[in-house]
Amino acid sequence: MFDELTGNSRAKAVLKRMLVADRLPGSMLFAGEEGIGKKLFALEIARALNCRTPKNQEGCGVCSSCVRIAKLNYPQRDDADEWTQIIWTDHADVGLVVAPKRVLRVEQMRQIEKEANFRPFEGKARVFLIDEADKLNDASANALLKVLEEPPRTSHLILITARPATLLPTILSRCQMIRFSPLTPNEIETHLIKNKLVDSKTARLRARAAGGSIGRALSGDLVTFTSQRKAMLKVLNALMLSEDRAQLLRSAEELNEAQYKDEFEERLDVLETLIRDAWMLSLGVETSQLVNEELSAELKGISQKIDPGRAANWILQIEDMREQLIVNINRKVTTDALFLVMAGDVPATKRPKIR
Ligand SMILES: [Zn+2]
């Protein structure tokens, strides 16, 4: 049942409507960040289509079909060959493909084409999930197009991706896109506690460190998060006391140290949440609404001095830097420049183009 899934009430409503009207598109694209439940929603569609005792066109969750569809048999070994096969659930009509390494392969799409042409073996519909659809290359995308062009009525394809913009227009145009949004800290906290994934105290902190993703709430390392937050709070403090250029440049340097290389973007995320929180506090928002609620005392101090226009600009500048990083410019130089622009040393419009 969709109501058992966490968050994304809009996507739920859209999918339920389609199921009730018996107008589920043959090809769909589930788009939205990692770790917010897209795959679970796709499996829920497969359940709705194959349930033996459906309720309002939704899967009951307890019949043998529903139970088996929930079980994906991922290969136990790293052996690339096994990962290039369709990964079946315990139900003979529902399976998934995922990129074995960096790309989804042509042969995986050919297998889907072949399987999609069979009538359902035991249920009413065959459902294939194509996970990480952004890893299709030109060749595998073209192989997939063949299935998307004339899918048999009893087969459904659900592409899943966090980066829909990277898909070929020919693929995008043939799939009905359903957008998924990040979950709120409260939705994540409730999910963690309801499913007994962590204890209630940790749930609160994890939910707030998760940036909208249950995946990240579970995999995230709290020690790392806490130290990232401490470092970024230093940056924010240095920005507020606008004379502390030395601290800013030290922080920029630290952000670029080799040991934090993989954490670079996470740290920028954390910095953004701190800026937003201080900004929200300055607008009179309750501390319970903050991402970094535990730091509310320190953030309150900052919020008294923060200028909303400046805070908005900082966030734009960080976003701007993320864009620049995609084209692979020098990270160190850009971080220095970012912090100095944020501190107001260099007007953003006049700063030199760094390539
Ligand atoms: Zn069922």
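The values are calculated or read from the model by the stated rules, or taken from the named source; none is laboratory data. Computed from a prediction, not measured in an experiment: that's the story for all the values here. All Cβ positions, even for glycine, are placed from backbone atoms using ideal geometry, and neighbour counts span all protein chains on display. Side chains are part of the model used for accessible areas, which takes the heavy atoms of the whole protein and leaves out ligands, DNA and RNA. Shrake-Rupley method; radii C 1.70, N 1.55, O 1.52, S 1.80 Å.
Count of the range 71-108 residues, restricted to those that are of a type in the set (A, V, I, L, M) and closer than 19 Å to ALA46 by Cα, is 8.
For the range 281-312: of the residues being among the aliphatic types (A, V, I, L, M) and under 24 Å from the mean Cα position of the chain (by Cα), which is farthest from GLU189 (Cα to Cα)?
Pass one, the range 281-312, residues among the aliphatic types (A, V, I, L, M): 281, 283, 285, 290-291, 295, 297, 299, 302, 306, 311-312.
Remaining after also requiring under 24 Å from the mean Cα position of the chain (by Cα): 290-291, 312.
Details: LEU290: 14, VAL291: 12, ALA312: 28 Å.
The selected residue is ALA312.
Condition check for GLY212 on (1) outside any loop (DSSP other than H, G, I, E, B); (2) closer than 26 Å to ARG310 by Cα: one failure, at (1).
With the requirement that a residue be closer than 20 Å to LYS39 by Cα and either part of a helix (DSSP H, G or I) or in contact (Cβ under 8 Å) with a residue 12 or more places away in the chain (or both), what does the range 190-202 give you? Talk me through it step by step, then tell me what you get.
Step one: list which residues in the range 190-202 are closer than 20 Å to LYS39 by Cα, which gives 190-192, 194-195, 197.
Passing the criteria: THR190, HIS191, LEU192, LYS194, LEU197.
Within the group ASP269, ASP262, which residue is within 20 Å of LEU295 (Cα to Cα), part of a helix (DSSP H, G or I) and open to solvent by 50 Å² or more (accessible area, probe 1.4 Å)?
Details: ASP262 fails: within 20 Å of LEU295 (Cα to Cα).
Sole residue among the options that is within 20 Å of LEU295 (Cα to Cα), part of a helix (DSSP H, G or I) and open to solvent by 50 Å² or more (accessible area, probe 1.4 Å): ASP269.
Selection over the range 168-191 of residues that are charged (D, E, K, R) and under 30 Å from LYS146 (Cβ atoms) gives a count of 2. Only residues that are open to solvent by 70 Å² or more (accessible area, probe 1.4 Å) and in a loop (DSSP other than H, G, I, E, B) were counted in the range 165-181, giving 2.
Surrounded by fewer than 19 Cβ atoms within 10 Å (Cβ to Cβ) and either of a type in the set (A, V, I, L, M) or closer than 22 Å to SER303 by Cβ (or both): which single residue out of THR190, THR226 fits that description? Steps first, please.
Details: THR190 fails: either of a type in the set (A, V, I, L, M) or closer than 22 Å to SER303 by Cβ (or both).
Result: THR226 is the single residue among THR190, THR226 that is surrounded by fewer than 19 Cβ atoms within 10 Å (Cβ to Cβ) and either of a type in the set (A, V, I, L, M) or closer than 22 Å to SER303 by Cβ (or both).
What residue, of ALA13, ALA46, ALA80, is within 16 Å of HIS156 (Cα to Cα) and of a type in the set (Gly, Ala, Ser)?
Numbers: ALA13 fails: within 16 Å of HIS156 (Cα to Cα); ALA80 fails: within 16 Å of HIS156 (Cα to Cα).
The conditions single out ALA46.
Take the residues in the range 15-24 that are in a loop (DSSP other than H, G, I, E, B) and open to solvent by 30 Å² or more (accessible area, probe 1.4 Å); name whichever of them is nearest to the ligand (Cβ to nearest atom). It would help to see each step written out before you state the result.
Restricting attention to the range 15-24, the residues satisfying the condition of being in a loop (DSSP other than H, G, I, E, B) are 21-24.
Cutting the leftovers down to open to solvent by 30 Å² or more (accessible area, probe 1.4 Å) gives us 21-23.
Working: ALA21: 20, ASP22: 17, ARG23: 21 Å.
So, considering only residues that are in a loop (DSSP other than H, G, I, E, B) and open to solvent by 30 Å² or more (accessible area, probe 1.4 Å), the one nearest to the ligand (Cβ to nearest atom) is ASP22.
Is the range 77-87 home to any residue that is in contact (Cβ under 8 Å) with a residue 12 or more places away in the chain, within 16 Å of the ligand (Cβ to nearest atom), in contact with an Asp or Glu (Cβ under 8 Å, 6 or more places away or on another chain) and closer than 17 Å to PHE128 by Cα? Break it down stepwise before answering.
Keep residues of the range 77-87 that are in contact (Cβ under 8 Å) with a residue 12 or more places away in the chain, which gives 80, 83-87.
From what is left, the residues that are within 16 Å of the ligand (Cβ to nearest atom) are none.
So far as the range 77-87 goes, no, none of its residues is in contact (Cβ under 8 Å) with a residue 12 or more places away in the chain, within 16 Å of the ligand (Cβ to nearest atom), in contact with an Asp or Glu (Cβ under 8 Å, 6 or more places away or on another chain) and closer than 17 Å to PHE128 by Cα.
Scan the range 38-57 for residues that are within 11 Å of the ligand (Cβ to nearest atom) and surrounded by fewer than 22 Cβ atoms within 10 Å (Cβ to Cβ) and jot them down. If the condition is that a residue be within 11 Å of the ligand (Cβ to nearest atom) and surrounded by fewer than 22 Cβ atoms within 10 Å (Cβ to Cβ), then ARG52, THR53, PRO54, LYS55 are the ones that fit. Just one of the listed residues (PRO25, PRO54) is farther than 27 Å from ALA217 by Cα, within 24 Å of the chain's Cα centre (by Cα) and not hydroxyl-bearing (Ser, Thr, Tyr), and it is PRO25.
Is it the case that the range 64-71 has a residue that's within 22 Å of GLY215 (Cα to Cα), touching a strand residue (DSSP E or B) at 6+ places or on another chain (Cβ under 6 Å), more than 11 Å from the ligand (Cβ to nearest atom) and open to solvent by 20 Å² or more (accessible area, probe 1.4 Å)? Yes; the residues of the range 64-71 include at least one that is within 22 Å of GLY215 (Cα to Cα), touching a strand residue (DSSP E or B) at 6+ places or on another chain (Cβ under 6 Å), more than 11 Å from the ligand (Cβ to nearest atom) and open to solvent by 20 Å² or more (accessible area, probe 1.4 Å).
Which residue is surrounded by the most Cβ atoms within 10 Å (Cβ to Cβ), if the candidates are limited to the range 132-162 and must be of a type in the set (Asp, Glu) and assigned to a helix (DSSP H, G or I)? Even if it seems obvious, please write down each step before you answer.
From the range 132-162, those of a type in the set (Asp, Glu) are 132, 134, 138, 149-150; that's our starting set.
Imposing the further condition that a residue be assigned to a helix (DSSP H, G or I) reduces the set to 134, 138, 149.
Numbers: ASP134: 16, ASP138: 9, GLU149: 10.
Selected residue: ASP134.
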